[in-house]
Amino acid sequence: MTDIVTVPTTPFEGQAPGTSGLRKKVRVFQQPNYSENFIQSVFDVVKPQPGAALVIGGDGRFHNRTVIQQAIRMAAANGYGRVLVGQGGILSTPAASHVIRKYGASGGLILSASHNPGGPEEDFGIKYNIANGGPAPEGVTNAILARTREIALWLTVEAADVDLDTLGETTIGGTTVEVIDPVSDYADLMEELFDFDAIRKAVGSGFTMRFDAMSAVTGPYATEILENRLGFAPGTVINGTPLEDFGGHHPDPNLIHAKDLYDVMMGPDAPDLGAASDGDGDRNLIIGRGRFITPSDSLAMLAANIEIAPAYRGRLTGIARSMPTSAAADRVAEALGVPCFETPTGWKFFGNLLDAGMATICGEESAGTGSDHVREKDGLWAVLLWLNILAVRDIGVDQLARTHWARFGRNYYARHDYEAIESDRAAGLMTELKQRLTSLAGQQFGPLTVARADNFSYSDPVDQSVSENQGIRVLFEDGSRVVFRLSGTGTQGATLRVYLERYEPATGHIDQETGAMLEHQIAAAQEIAGITRHTGRIAPDVIT
Ligand code: VG1
Ligand code: CO
């Protein structure tokens with residue numbers, strides 16, 4: 001038995017898990033004891049049963065391998081019997097969720113800062129997922145934060161680094177460390193869920209696509225599934241090799257950072273479908289030939305058609321969306337006679353609904369969609385569901401969108417991000433906004449009159465836990481709205497997110513330009529929050 005080494009330490013400020021785990025600059029994580037304190041705090045809170053299994057994987061970004069080796073030794077010292085780690089230290093977030101569930105692990109450490117850039121001067125992150133495969137709920141993350149504030153020691157063993165590149169088993173102390181193929185279990189699951197024959201047939205009839213893995217984790221998954229199993233032409237997956245710095249780009253699948261893909265899809269030689277995923281593989285971007293689909297619309301369109309996919313036939317029990325996500329999905333739920341749940345931002349809030357069978361499909365406006373097949377959002381899953389639907393219905397993306405809007409109407413939608421604002425100024429903006437809440441009703445901003453304004457609070461219908469302070473909503477009399485919240489994933493200053501939405505019925509203007517349709521909401525948001533006055537910014541950094 002290898003001896004357990006006890007290392008004394010002192011707490012670090014600010015190890016609060018945010019919307020999706022602890023995210024900081026790599027330089028911060030490189031301080032002695034920084035990662036170790038956080039990981040030990042996780043183990044102290046979740047108290048693994050002796051012999052329990054732990055999954056460890058990451059998105060391959062800079063610093064991934066270092067923390068994986070630390071985490072393996074610490075898991076051995078903390079009594080885990082088995083550690084499953086993806087080959088090369090790679091596991092996409094949805095694949096990690098699946099592996100936790102499939103092998104009955106007690107939980108997992110996912111090392112990722114998702115869509116944030118990577119490299120020595122960029123971002124890193126650590127997140128803990130529980131036995132259902134999903135992000136730890138707030139009760140657990142609050143306990144982890146409390147633990148980081150009083151931690152005095154962490155445990156490790158003296159052992160050589162594990163060879164992460166060779167499949168197979170090694171032993172460290174009393175712990176078996178298994179390096180597993182990160183792709184095969186996940187690819188097999190996708191094959192169980194979707195009608196691969198129908199997709200293969202469409203490919204055989206000339207259906208084409210381009211998948212941009214953005215030099216991030218989904219490359220190997222997309223190549224195996226799209227090119228090897230579904231028969232798309234070699235070269236369909238671009239930027240398919242995971243790089244530690246994502247080639248110097250932000251692995252964020254939106255119209256700014258995936259602009260090359262967007263340009264191809266708007267051009268004369270566009271394939272039938274364009275798609276991309278983010279750093280850790282849980283987000284998706286969907287663009288048809290000449291038609292961008294907003295994530296909120298994608299959720300609604302997928303929900304409306306999900307029963308086409310074999311694993312979902314007769315199984316849609318409910319839809320869930322985060323509060324800032326547009327209400328397009330609500331209209332689908334209503335038409336299909338299933339409930340629609342509105343949760344705070346962050347996938348952790350969907351876990352209970354999925355476990356209880358109350359929701360089958362979930363989504364966020366930030367390009368996240370997923371279902372009860374795992375407990376994370378899942379980028380490739382969304383792409384495959386789109387492919388399955390398009391293949392079976394024999395329809396293009398643009399036509400599907402038009403047909404959808406002609407039935408349900410259209411929720412024009414945009415998100416404006418003001419990034420890296422000084423934290424004090426952002427806090428000042430939010431404080432003032434909260435103070436104004438009670439007096440906003442009845443006030444007029446251009447042609448819009450405020451019907452109601454509040455600070456969103458969520459009561460979980462399964463465990464009755466309450467999460468307060470989840471975003472400011474201003475609802476106008478015409479049914480349109482603006483929402484304000486501060487990001488919980490950034491690593492520099494504060495990011496203000498402003499969400500804008502306006503509904504047009506099927507009989508209204510359903511084929512207009514989004515910016516023009518949201519003109520009054522944009523002006524109202526500026527006036528209500530005093531964005532320029534507080535932040536000094538005259539325009540958002542990113543519009544999605
Ligand atoms: C953002 C998104 C949120 C998403 C979260 C994690 O959070 O808005 O919808 O769940 O990122 O996604 P925030 O607090 O910055 O708005 V991922 O793909 O970065 O793990
Ligand atoms: Co992500």
Of 342, 477, which has the most accessible area with a 1.4 Å probe, and how do the rest follow in descending order? 477, 342
Which value, in Å² and to the nearest 10, is the accessible area of residue 73 when all protein chains are kept and the probe is 1.4 Å? 50
In nm, to one decimal, how far is the residue 464 label point from the residue 178 one, both placed 7 Å along Cα→Cβ? 4.0
Extension gain residue 31-residue 356, at 0.36 nm per residue separation less the Cα-Cα distance, in nm? 112.9 nm
Overall form of the chain per C-alpha gyration tensor (a/c, 1.5; a/b vs b/c): oblate
Would you work out what percent of the accessible area of region 363-460, with all protein chains in place, is carbon or sulfur (probe 1.4 Å)? 43
How charged is the neighbourhood of residue 152? Take every other residue with its Cβ under 13 Å from the Cβ of residue 152, and add Lys/Arg as +1 and Asp/Glu as -1. -1
With every protein chain kept in place and a 1.4 Å probe, the chain has an accessible area per residue in Å² of 37
Once the other residues with Cβ under 13 Å from the Cβ of residue 172 are scored (Lys, Arg +1; Asp, Glu -1), what is the net sum? -4
Roughly how many percent of the accessible protein surface of region 233-275 is carbon and sulfur, given a 1.4 Å probe and a whole-percent answer? 53
Please compute the contact order of the chain in relative form: average sequence separation of alpha-carbon pairs under 8 Å and at least six residues apart, divided by the residue count, as a percent. 14
Whole-Hz Karplus couplings 3J(HN,Hα) for region 89-106, θ = phi - 60° and coefficients 6.51, -1.76, 1.60, Gly and Pro as x, run x, 9, 8, 5, 4, x, 5, 4, 4, 5, 5, 4, 5, 5, 9, x, 5, 7
For the chain, calculated [θ]222 nm from helices alone, where every DSSP H run of n ≥ 4 adds -39500 (n - 2.57): -9500 deg cm²/dmol
Antiparallel versus total DSSP beta bridges in the chain: what percent is that, nearest 5? 70
Go through 508-515, 217-224 and give me the packing order, highest mean Cβ count within 10 Å leading. 217-224, 508-515
Residue 273 accessible area, nearest 10 Å², 1.4 Å probe? 0
Which shape class applies to region 170-298: rounded if a/c is under 1.5, otherwise prolate when a/b exceeds b/c and oblate if not, where a ≥ b ≥ c are the square roots of the Cα gyration tensor eigenvalues? oblate
Sequence-distant lysines (8 or more away, or on other chains) whose Cα lies within less than 18 Å of residue 47: 127
For residue 243, the net charge from surrounding residues (Cβ-Cβ under 13 Å; K, R +1; D, E -1) works out to -3
Residue-span extension gain [residue 121 to residue 47] - 0.36 nm each, minus C-alpha spacing: 23.3 nm
Of 209, 312, 247, whose Cα points farthest to the positive end of the dipole of the chain (charges on the beta-carbon: +1 Lys, Arg; -1 Asp, Glu; origin at the Cα centre)? 312
As I understand it, the dipole of region 417-501 uses +1 on the Cβ of Lys and Arg and -1 on the Cβ of Asp and Glu, about the Cα centre. Which of 448, 484, 494 lies farthest toward its positive end? 448
Using a 1.4 Å probe on the protein chains only, how many percent of the accessible area of region 100-191 belongs to carbon and sulfur? 51
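The values are calculated or read from the model by the stated rules, or taken from the named source; none is laboratory data. Nothing here was measured: the structure is a model prediction, and the numbers come from that model. Here the Cβ is made from the backbone with ideal geometry for all residues, glycine too, and neighbour counts use every protein chain on show. In case anyone asks, the SASA skips ligands and DNA or RNA and just uses the protein heavy atoms, side chains included. Shrake-Rupley method; radii C 1.70, N 1.55, O 1.52, S 1.80 Å.
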